[in-house]
Structure formats: C-alpha cells, structure tokens
Amino acid sequence: MKKEKNQIKESIQRQERNQEIRETIVAASTPLGVGAVGIVKLSGRDSIEIASKVCKLRSGKKIQKLPSFKLTLCDIIDDNNKALDEGLVVLMREPYSYTRENVVEIQVHSSTLIIQKIIQICIIKGARLAEPGEFTKRAFLNGRISLNQAESIAEIVKAQSEKALYSLYQNLRGMFGEKISEWQKSLILIQANIQVECDFSDRIGTSDIKNSIIEEINTIRQNIKQQYDKSKKFQNLQNGLLVVICGKPNVGKSSLLNAILGKERAIVTPIPGTTRDAIEELFLIEGFPFRFVDTAGIRESQNYIEKIGINKTKKYLEEAHLVIVIFDRSQELNNEDYMLVDLVRKKPNIIVLNKSDLASKIEIKDVKKLYPEEPIIEISALSGKGIDGLLDKIIEKVKIIKDNYDEDYLAINLRQQNELFKTAAFLEQAQKSLEEGFPIDLISIDIDGALRCLKRISGEDIDKDIVNSIFTNFCIGK
C-alpha cells in the first residue's frame with residue numbers, strides 16, 4: 001500500500017514537472033543598461049519559433065534553418081515589422097543546451113528599452129517571463145546538473161576570492177557529485193553485505209562480518225566528517241577572513257584602517273569615542289578576501305549608544321581570525337589597555353604602537369610582558385611611517401592562516417553541510433549499534449537514513465518546496 005502511494009505521488013510530481021517545463025520562458029541574462037551588450041534568453045519547446053518572430057536574419061534565411069552554436073547577424077523587429085536594433089542570434093538545440101531544451105540567445109546593444117521591448121514581444125508571441133533561477137532549475141529538472149551543482153552556480157556569482165571560485169568551479173564540474181556517488185556505492189555495498197549476513201548467518205562467521213562492516217562504516221563516516229569540517233571553512237572564503245582592529249578610544253584605529261586601505265574610509269577626529277559602530281571593508285591579500293574591521297574603542301562607558309558599539313566589538317573579537325591590537329605610544333598604559341589582554345589572548349595577534357612621531361610614554365618591554373609571543377610594530381598612522389612593515393607582518397600572519405585553507409571545499413552552503421552532518425550522525429549510530437551487539441538487520445535503517453541525506457544533497461530525493469525555495473534565491477535570467 002505504501003509503495004502504491006509513493007508511486008502515485010511520483011507520478012503526480014512528474015506530471016507537475018512536465019507541465020512546468022513545457023512552457024517557453026524568456027528573461028534578460030545581463031543587467032539592464034550595464035555594459036556594451038545585452039542578452040535576452042529563451043528556453044523551451046517554442047523558443048526557436050518565437051525568436052523567428054523577433055529576429056530577421058540579414059541573409060534572408062529562416063532562423064529555423066540555422067545550425068546550432070553559430071552567431072548570426074539579424075535585425076530586431078517589432079509587430080509592425082519595423083527594425084528596432086541590430087544584433088546577433090544563436091541557437092542551442094536540445095539536448096545540448098544548458099537547460100537541455102531549445103535555447104535561443106539574442107545579443108543586442110545594452111539598452112534597457114530595447115531589451116524590455118524584446119522581452120515584451122516574446123511574451124506576446126507565446127513565452128512567459130522566467131522566474132528567478134528558472135533556467136538553472138530546468139537544467140536540474142532535466143538532469144543536466146545536480147542540485148549541488150546548481151547551488152554552485154549561484155555561489156560563483158557571489159565569489160569574492162580566487163580560492164572560492166576554484167572550489168565552486170570544481171563543484172560545478174561534478175567533483176562533489178563524484179564523492180557523493182562513491183559514498184552511496186559503498187553504503188549500498190554494506191547494505192548488500194548485511195542482507196547476505198541475514199540470509200546466510202548460519203554459514204558465515206558472524207563476528208567477522210560484523211567487524212568488517214563496522215570498519216567500513218567507520219571509514220566512510222570519518223571521510224564524511226572530514227569533508228564536513230573542511231566545508232565549514234568555505235563561508236570564510238566567501239565572506240572574507242576577519243581582521244579586527246581594536247584598542248581603547250582615540251589610539252588611531254580609524255587612521256590605521258584608512259592607511260591600510262589607502263583611502264579615507266573611516267572618520268578620524270581627536271574626540272574619543274567617535275567610532276560608535278564597526279566599519280567593515282573587504283580587502284584582497286594574495287587572492288584571499290579579508291574583512292578589515294575598525295571597531296568602537298574598548299572602555300567603560302555609560303553612553304548607551306557607545307556601549308552597543310563596545311559590545312559589538314567584543315562580538316567581532318570572538319569571531320576574529322586575526323586581531324591588530326593598537327596602543328597609543330604617547331599615553332601611559334591604563335586599565336582600558338589591560339582589558340584587551342583577556343579579550344584577545346586566544347587569537348593570533350599583531351601588537352601595534354601608534355603615534356611613533358610623538359614622545360613615547362610606553363616601554364616596549366611593558367607591552368612585551370602582556371603579549372610575550374606576539375610581534376610589536378611601531379607606526380605612525382598619520383604620517384604613514386611603519387605601515388609597510390605592518391602590512392608585511394599582516395601578510396606573514398595571513399599566509400599562516402591561508403595554509404589552513406589550502407584545500408578543496410565541496411559542501412558550499414548550510415543546506416549541504418547539514419545533510420553531511422546528518423549523514424555522519426546516522427553512520428555513527430549504525431556503528432555504535434553494531435558495537436553494542438544490536439541485531440545486524442536493524443543497522444539497515446540507519447544506513448537508509450544516511451543514503452537519503454546524500455540523495456538530498458544531489459537532489460535525487462528532495463521535497464519540491466525545498467527545490468523551489470533554493471532557486472528563488474537566484475537572479476532572474478540565471
């Protein structure tokens with residue numbers, strides 16, 4: 001009965017999917033009014049026919065006769081057969097297109113008016129406006145790409161570093177899919193061994209089989225957990241590793257941020273407490289994105305707004321990958337300086353003595369007692385003295401951090417990471433049950449759970465609403 005219900009459900013879903021992808025869709029694939037060329041894309045059964053009513057080939061030939069993947073000069077015409085622009089048209093016939101449907105791209109001058117007019121004519125001739133991410137969604141529904149590959153496409157658009165781009169491209173090429181397939185095959189083989197054990201337990205050494213299965217499950221689980229741990233780092237590649245500039249008020253944090261960035265990003269005044277909120281700026285160092293943050297000064301304050309800024313500073317310090325601690329060399333150390341010691345003790349630090357152009361009231365040996373293992377750099381953020389040396393030291397520290405990211409990251413978003421985590425949890429439970437002497441056939445339940453998680457990553461077994469929500473986050477035309 002349950003099997004029949006599942007078959008009926010799958011049949012209904014197939015019918016809904018076929019109805020959904022039967023329509024021809026159209027959208028702009030480039031930002032309106034940006035760049036020299038604008039592209040309008042059609043996908044679906046009637047895309048070539050619709051394009052023939054928008055594009056008139058200069059050669060006089062019919063579009064339907066064009067070969068695939070060949071740009072051809074054309075005029076863009078309206079309902080009155082009046083030319084609006086000249087452009088290029090290219091056909092990509094099924095199943096060798098991005099969506100595995102007939103796809104047409106029309107390339108014209110990047111005029112908002114022209115592109116909107118082309119889309120309008122296409123809609124009048126039978127297309128409908130594409131939903132966000134619908135081209136990629138069709139590529140997934142038609143088996144052109146897996147769900148995790150589709151998600152990689154969305155992340156590529158947002159990539160902020162070469163390393164993130166490389167990892168995402170490996171995903172797009174199916175590298176993660178290959179790993180998932182390997183894990184699935186191994187788990188299916190374990191299921192087969194369990195079945196053999198259940199059928200022939202009186203003829204085979206039971207303990208040997210169990211020990212072998214425990215070992216295999218543990219190997220797969222460790223592999224998946226290792227991949228999960230690696231993949232958690234991917235968000236840092238996308239968002240940028242966090243470098244926090246901290247110190248008490250008026251030590252020169254904002255001046256230092258401006259000096260590092262080479263522009264006036266933060267407001268600089270002699271008034272303590274000017275920076276009430278964190279100021280964040282992305283900066284690439286050797287192809288890696290780093291988020292430099294100028295924070296509110298650490299001190300005891302009764303000002304409500306300033307206290308919010310100080311609490312935010314403490315939150316940034318908890319998340320920081322590197323902390324630049326600044327002291328005002330022209331002022332003696334006080335309790336506000338000492339407060340920083342505990343806040344940043346467990347983080348990689350660079351200690352900076354600012355205002356080196358003024359008379360010193362701080363002994364380096366006193367600072368060294370507070371931070372015995374950290375480098376101390378003397379600078380003047382105002383004049384620029386010592387900034388190059390500080391940047392060299394930042395790069396040196398960055399390289400150490402970067403070494404921890406010199407690997408491939410495959411599960412590139414929270415959804416995929418959660419499924420990996422649950423897969424490992426199912427396998428851990430299966431392994432524990434075997435070790436505690438539970439009947440071997442019960443382990444199949446946990447193995448099935450792990451397999452379902454892996455299928456959800458690739459989109460083989462996933463709810464339609466989840467699929468729709470994923471593609472809603474794409475831009476229209478992608």
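Points to keep in mind about this one:
- From the list Q13, Q7, the one residue that fits, being within 36 Å of the chain's Cα centre (by Cα), at pLDDT below 90, surrounded by 11 or more Cβ atoms within 10 Å (Cβ to Cβ) and not assigned by TED's automatic domain parsing to the domain that holds R93, is Q13.
Yes/no per residue for (1) under 16 Å from I379 (Cα atoms); (2) among the polar types (S, T, N, Q); (3) at pLDDT 80 or above:
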| site | (1), (2), (3) |
| --- | --- |
| G297 | no, no, no |
| S301 | no, yes, no |
| I308 | no, no, no |
| K314 | no, no, no |
| E332 | no, no, yes |
| L340 | no, no, no |
| V344 | no, no, no |
| I350 | yes, no, yes |
| L353 | yes, no, yes |
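- Restricting attention to the range 366-392 and to residues that are free of Cβ contacts under 8 Å to residues at least 12 places away in the same chain and closer than 17 Å to V325 by Cβ, the residue that is surrounded by the most Cβ atoms within 10 Å (Cβ to Cβ) turns out to be K368.
- Any hit, the range 203-218, residues being at pLDDT 80 or above, in contact with a Ser or Thr (Cβ under 7 Å, 6 or more places away or on another chain) and surrounded by 21 or more Cβ atoms within 10 Å (Cβ to Cβ): no
- Looking across the range 410-463, the residues that are free of Cβ contacts under 8 Å to residues at least 12 places away in the same chain, in a helix (DSSP H, G or I) and more than 24 Å from V196 (Cβ to Cβ) come down to L414, N418, A425.
- For F135, the test of being buried (at least 17 other Cβ atoms within 10 Å of the Cβ) and either under 33 Å from the mean Cα position of the chain (by Cα) or among the β-branched types (V, I, T) (or both) is passed.
- Any hit, the range 242-256, residues being at pLDDT 90 or above, in a helix (DSSP H, G or I) and buried (at least 17 other Cβ atoms within 10 Å of the Cβ): no
- Hey, I395 in the same structural domain as E280 (by TED's automatic domain parsing), surrounded by 14 or more Cβ atoms within 10 Å (Cβ to Cβ) and either aliphatic (A, V, I, L, M) or free of Cβ contacts under 8 Å to residues at least 12 places away in the same chain (or both) or not: no
- In the range 128-188, counting only helices (runs of 4 or more DSSP H) that sit wholly within it, the ones holding 3 or more residues that are in contact with a strand residue (DSSP E or B) (Cβ under 7 Å, 6 or more places away or on another chain) span 134-141.
- E396 satisfies every condition listed in (1) closer than 24 Å to G143 by Cα; (2) part of a helix (DSSP H, G or I) except (1).
- Comparison of D366, D337 shows that the only residue that is closer than 15 Å to N250 by Cα and not in a loop (DSSP other than H, G, I, E, B) is D337.
- Failed item, numbered, when T99 is tested on (1) surrounded by fewer than 20 Cβ atoms within 10 Å (Cβ to Cβ); (2) in contact with a strand residue (DSSP E or B) (Cβ under 7 Å, 6 or more places away or on another chain); (3) in a loop (DSSP other than H, G, I, E, B): (1)
The values are calculated or read from the model by the stated rules, or taken from the named source; none is laboratory data. Since the structure is predicted, the reported quantities are computational estimates derived from the model, not experimental observations. Reconstructed Cβ throughout: ideal geometry from the backbone, glycine too, with neighbour counts over all protein chains shown.
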